[in-house]
Amino acid sequence: MKPPFHYRIVIMFCVGAFAPILIHYFVMWRFNLSIYKAAEYTLILSIPIAIWLASRINDRWHDDED
């Protein structure tokens, strides 16, 4: 059983908005990189998050339950 649609949207928004920021600051802090170099690594490390979000959005688009 899936949670209601508005809960799923809030979770997806929080993951999409805050995960890249947390990844960026963690990479910058842990590896002592500049902001720009950390941003390059964050872009690469955020690809799985983007794929996950796209698959969830695609499921919602084709879901006729709600």
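Tabulated results
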| item | result |
| --- | --- |
| Mean Kyte hydropathy of 0.5 or more with a Cα span along the axis of at least 20 Å, helices from DSSP in the chain | 5-30 |
| Test item: Cα-centred dipole of the chain, Lys/Arg +1 and Asp/Glu -1 on Cβ, debye | 360 debye |
| Computed over the chain: relative contact order in percent, which uses C-alpha pairs under 8 Å that are six or more apart | 33 percent |
| Rg/Rg_ref, the chain, where Rg_ref = 2.2 N^0.38 Å and atoms are Cα | 1.39 |
| Residue (of Thr42, Cys14, Ile57) at the positive-pole extreme of the chain, dipole from beta-carbon charges | Thr42 |
| Stretchable slack from Tyr25 to Ala50, in nm (0.36 nm times residue separation minus alpha-carbon distance) | 7.2 nm |
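Only the coordinates and a few stated rules stand behind these numbers; no lab work does. Everything numeric in this text was worked out from a predicted model, so none of it was measured. A quick note on method: Cβ atoms are made from the backbone with ideal geometry, for glycine too, and the neighbour counts reach across all protein chains shown.
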